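Please treat every number below as a calculation from the coordinates, not as lab data. The model shown is predicted, which means the values in this text are computed figures rather than measured ones. Note that each Cβ is placed from the backbone with ideal geometry, even for glycine, and that neighbours are counted across all protein chains shown.
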Amino acid sequence: MQIFEDILSTQKRLLELRSKGHTIGFVPTMGALHKGHISLVERAKKENSITVASIFVNPTQFNDKGDYTKYPRTLESDLKMLNGAGCDIVFTPSEKEIYPNPDTRTFDFGEMGNVMEGKHRPGHFNGVAIVVSKLLDIIKPDKLYLGQKDFQQVAIIKELIKQLHLPITVISCPTLREPNGLAMSSRNMRLTDTQREKAGIIYETLCGIKEKAASVNVEDLISWAKKNINGVNGFNVEYIDIVCANTLKTVKAMSDCDEVVVCAAVKTGEVRLIDNLQIK
Ligand code: AMP
């Protein structure tokens, strides 16, 4: 596994590999890797001759400074995991390398960028778009591997790729979960054992919504779900939205579109957890 910290040598190596006919699969991450990230690397390995992962905690996508400073950083174990998974190249740039100057671009994703995470984390998706556009420009992958765990992010990045006319296929990969259903996340490292155990309520509730969706109206489903999660001591729902999978528009009834997803953000202590489930 080769590790590069600077853009030029990464590009030089990738140019060499591309000229030999290799295809490139790319897995961007913010590190603090877990099995969910590794599942993306494994998928990329199956579908490309070279797999590149990046580790960069992107300051411009954090609307909350405290969240940025407290974001777990575990580079040594990340590199071990990537090496174990057979990743070929890791790009671990410094903040200076990615942002020699502030990047002041603003992207417009329409309504899609203003709901759910966009509404509750102002500026978040603009920061995501800034860093992803830079990373895609540096790596120039054939395929980009993203987790459905960040459902809205996948939709935004697909739209970004469309807006920039990039010849990149997005592969959206399933969410890996803990035995109690909690979606694996780097932020789970910040949970206490009790919080982690209780956090199973989030997925349990999303599954409950799926079960009830055929017989209960959307408004009642949401108020049931909020009550269910808020009923657990120390857990507070930030939002639960039931949206159309393609447009991310809130549905009034399950019949509004063919594919429907429920998305949730929940806070426990200082940790904010997100999850989602396709319910139709
Ligand atoms: P992050 O390091 O949180 O920016 O995540 C990097 C990539 O891993 C993103 O595409 C995430 O959606 C994906 N990812 C995060 N958690 C999981 C998970 N539990 N299962 C599958 N993919 C995940």
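The stretch 6-55 and the stretch 86-146 have Cα centres separated by 16 Å.
Treat the count of other C-beta atoms within 10 Å as a stand-in for reagent exposure and order Ile279, Ile7, Ile240 from fewest to most. Each step should come with its number before you reach the end.
Values: Ile279 21, Ile7 18, Ile240 24.
Fewest to most other Cβ atoms nearby, the residues stand as Ile7, Ile279, Ile240.
Apply 1/(1 + (r/R0)^6) to the Cβ-Cβ distance of Leu15 and Tyr239, taking R0 = 51 Å, and write down the FRET efficiency to the nearest 0.05. Rounded to the nearest 0.05, the efficiency is 0.70. Within the chain, antiparallel bridges make up roughly 50 percent of the DSSP beta bridges whose residues both belong there.
Anything over 20 Å Cα to Cα? Flag those among Lys210/Lys267; Lys20/Lys140; Lys226/Lys267; Lys134/Lys162; Lys226/Lys252, in the order listed.
Numbers: Lys210/Lys267 22 Å; Lys20/Lys140 15 Å; Lys226/Lys267 12 Å; Lys134/Lys162 15 Å; Lys226/Lys252 17 Å.
Among Lys210/Lys267; Lys20/Lys140; Lys226/Lys267; Lys134/Lys162; Lys226/Lys252, the Cα-Cα distance tops 20 Å for Lys210/Lys267.
Taking every C-alpha pair closer than 8 Å and separated by at least 6 residues, the mean separation divided by the residue count of the chain gives a relative contact order of 17 percent. With the simple model of a label 7 Å out from the Cα in the direction of the Cβ, Asn246 to Asp258 spans 0.7 nm.
If I measure Cβ to Cβ between cysteines in the chain, which ones have no partner under 4.7 Å? If one checks each Cβ against the other cysteines of the chain, Cys87, Cys173, Cys207, Cys263 turn up with nothing under 4.7 Å.
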